[in-house]
Amino acid sequence: MADRRPADEGLKERLSRTEKELAEARAALEREERSHQTLADDHTVAEAALRQSEESFRVLFAQNPQPMWVFDPDTLRFLEVNDAAVAHYGHPRERFLEMTLADIVPTAEVDAFMRQVTRAGSSYQPSGTHRHQVAGGRIMEVELSSHRLEFGGQPAVVTAVKDVTMQRALERELRHQALHDPLTGLSNRALLVDRIQRSLNRLDRHAGAVAAIFVDLDRFKLINDSLGHDVGDRVLTETASRLRAAIRQEDTVARFGGDEFVICAEVIDADEAVGIAGRALESLTPPFRHDGHEMLLTGSVGVSVAAVASATPETLLRDADWAMYRAKEEGGNRVELFDRGLRSRLLARLEMERSLRRALGGDEMRVLYQPIVSVPDGRVVGAEALVRWFHPKHGVIGPAEFIPVAEETGMIAPLGAWVFEEACRQWVSWRRKAGRREPINLAINVSARQLTVPSTFDTFYDILSRTGADPAHVSLEITESVLMEGNDSILEAMLALKWLGVRLNLDDFGTRYSSLSYLRRLPFDTLKVDQSFVSGLRDDSRDQAIVRSVVGLAHALGLDVVAEGVETPEQFSLLGEMGADRAQGYLLGRPVEADDFPFDTLMLVGAGPTP
Ligand code: C2E
Ligand code: MG
Ligand code: MG
């Protein structure tokens, strides 16, 4: 400042003068303001507060992007609505302010709404989910939250509105997807289980029963595999709508995946449930037409019924599944009702399957041998190997009981291989002891299912070479039912076995649909006349005629004949007369342990039964 030039001196003076004037003016103003405030102090504070509350009201209410309104809890009339509410509900502000809350409730729901309001009295504060109708008529779902406040000097309620229409629709869609089958739109397993549980719960209060009806399409896989998945899908969709049409509105049909459908119905008793099941099955009868294909479908239907609330959806479904399985076993296109007998039969079977596995691993299985006798001279020329199960608890079990279980469970291949090896070893052991005597011929039964297992040929080849049994003295016995299945792979397997050098016996001839073409096409060596014809030989001339012509036919085709089930000397001599080559039966010897096999007994015509 010391070096400031003289021209600046004038400026400095002017500045300080202006500052002084300004300070005086400010002081005068403050004095004036102070006097004003003293005059109307209370009034000013109130106005400032009002300005402030009006400001926050403007920000929080009027400009809020969320629809809001203020209403009179006594009249339900809107006292104030914000811009967002006007936009959202579509009513012009003036019109809005003439309306009450009841005017935005869908017409059909006004009564219920008013009852709710009346119950709450003047303390009514809407909250939670509501349905509102906008000016165009569209219904929206909203979530409301309300607070009490003073408005224009009187008690009022301010409500904020959240439109949740889209969100709820999405939630519903997701819930639907989680509980329904995407292909058919039917309920899925989860939803059905829930429905069954609800129905079961109701049994506490109402008499009656809950039915689960399991519908499984027969041979659906054939349609899928031969006509393609598109046609398969359309068949399933149509099945779904046919089933839905066949049941009552209040019943539920669900798809369990694949070609399995389950109906849940509240019924009076099992009869009604079976009636519904029958209608469901009938609905499948009209041909299905898709893509130029006409398909005839049937179903296997299992019904289970629970009359106590303590039942569980799981057991009900499991029982219905078992009954369905039974219907399928019986050939399909039928309704089976589950009962405890069925359950215990199935359980017994499961138990048998388990213990069959154990038996094969241990030494509970044994092979017995029944002599086969030459009819003309009564000599023992062969044996049939017949398996027995010496069960530690149930005693001796015959093959008729457990072979079918072994067949169904895939145990037949290891069981059949075991019998084959056991019998081959026995043949070799007998052969060694027999010295120069002509070896006997050993017949071993082979199951159809065993033949469809591709490894059977290798297994048999391996066993024959390991044991050293002579295939020329081994016969495999196959029953006619095998051939009935018309399965080419079975025929091929038989031809392959023949290649091993073994002989083939056609077992139980005459019991099923005999077809002479089998005899022509397949390289059988021996035909075994079923015991049902032999047992009738004495008094029934028809059986005589049948056996006589079967013997003639077999001989004409170059086969020899074994008569099964010979029990009386009379039958034996008649068979001799008819020209049967060999005979087997209790008269000539029961199945026995290998050590007890009657090699040296000469079976004489007319001899009494062996002990
Ligand atoms: P199958 O091959 O026709 O065997 C003859 C059945 O008739 C045997 O019953 C035998 O004990 C019985 N039998 C023999 N003589 C008489 C008689 O004079 N009167 C009466 N009433 N019955 C007689 P088993 O041993 O109970 O065998 C039943 C069926 O089980 C057999 O019929 C055969 O098809 C099957 N089987 C037996 N062992 C095996 C095996 O190791 N594997 C396979 N896959 N099946 C076998
Ligand atoms: Mg047999
Ligand atoms: Mg037989």
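Brief remarks follow.
- A Förster radius of 35 Å, combined with the Cβ-Cβ distance separating Ala496 from Glu282, puts the computed FRET efficiency at roughly 0.15.
- Cβ-derived FRET efficiency at R0 22 Å, Val86 paired with Ala120, nearest 0.05: 0.25
- Portion, in percent, of the accessible area of the stretch 299-441 that falls on carbon or sulfur, probe 1.4 Å: 51
- Each principal axis of the Cα cloud of the stretch 63-168 was evaluated for its coordinate range; sorted largest first, these ranges are 36, 32, 24 Å.
- Taking 0.36 nm per residue of separation and subtracting the current Cα-Cα distance, fully stretching the chain between Arg93 and Asp377 would add 90.3 nm.
- The residues of the stretch 85-235 expose, per residue, 56 Å² of accessible area to a 1.4 Å probe.
- Solvent exposure ordering (accessible area, 1.4 Å, most first) of Thr568, Thr159: Thr568, Thr159
- Here the spin labels are modelled as points 7 Å beyond Cα on the Cα-Cβ line, and at Asp595 and Ala556 they lie 5.0 nm apart.
- Each stretch of four or more DSSP H residues adds -39500 (n - 2.57); spread over every residue of the chain, this sum gives -15000 deg cm²/dmol at 222 nm.
- For the stretch 54-95, the residues whose backbone nitrogen is under 12 Å from a point 7 Å from the Cα of Ala102, taken along Cα to Cβ, are 75-77.
- The charge dipole of the stretch 180-338, taken about its Cα centre with unit charges on the Cβ atoms of Lys, Arg (+1), Asp and Glu (-1) only, comes to about 260 debye.
- Cα centroid separation - the stretch 87-122 against the stretch 169-238, whole Å: 41
- Put a plus charge on the Cβ of each Lys and Arg, a minus charge on the Cβ of each Asp and Glu, and nothing anywhere else: the dipole of the stretch 63-168 about its Cα centre is then about 240 debye.
- Inverse of mean 1/r across different Cα pairs in the stretch 168-235, Kirkwood, Å: 14.9
- Estimated distance in nm for a label pair at Arg358 and Asp525, the labels positioned 7 Å out from Cα along Cα-to-Cβ: 4.0
- At a probe radius of 1.4 angstrom, the accessible area of the stretch 267-357 per residue rounds to 51 square angstrom.
- Within the stretch 180-338, percent of DSSP bridges classed antiparallel, to nearest 5: 85
- Between the stretch 511-585 and the stretch 343-410, the Cα center-to-center distance that results, in Å: 25
- Extension gain, Ser465 to Arg138, is 109.2 nm, computed as 0.36 nm per intervening residue step minus the present C-alpha separation.
- Förster radius 35 Å - calculated FRET efficiency between Leu222 and Ser517, Cβ distance, rounded to 0.05: 0.90
- For the stretch 180-338, the calculated P(r), taken from all Cα-Cα distances in 10 Å bins from zero up to the bin holding the longest distance, is 12, 43, 33, 10, 2, 0 percent.
- Hydrodynamic radius of the stretch 351-610 per Kirkwood, over alpha carbon pairs, in Å: 18.9
- Across the chain, the volume of the C-alpha convex hull divided among the residues equals 395 Å³ per residue.
- Label-to-label distance, nm, for residues given as Thr75 and Ser344 (7 Å Cα→Cβ offset): 8.0
- In the chain, the sites counted are trypsin sites (Lys or Arg not before Pro) in DSSP loop states with at most 14 other Cβ atoms within 10 Å, and the longest stretch holding none of them, exclusive of the sites, is 249-392.
- Using 0.36 nm per residue and subtracting the Cα-Cα separation, the extra length available between Arg366 and Arg318 on full extension is 13.7 nm.
- DSSP beta bridge pairing in the chain, given as percent antiparallel to the nearest 5: 70
- In the stretch 329-378, the GluC sites (Glu not before Pro) that fall in loop regions by DSSP, at most 15 other Cβ within 10 Å: Glu330
The values are calculated or read from the model by the stated rules, or taken from the named source; none is laboratory data. Not measured: the values here are computed from a predicted model. Note that each Cβ is placed from the backbone with ideal geometry, even for glycine, and that neighbours are counted across all protein chains shown. Heads up: the accessible areas ignore ligands, DNA and RNA and are worked out on the full protein's heavy atoms, side chains in. Shrake-Rupley method; radii C 1.70, N 1.55, O 1.52, S 1.80 Å.
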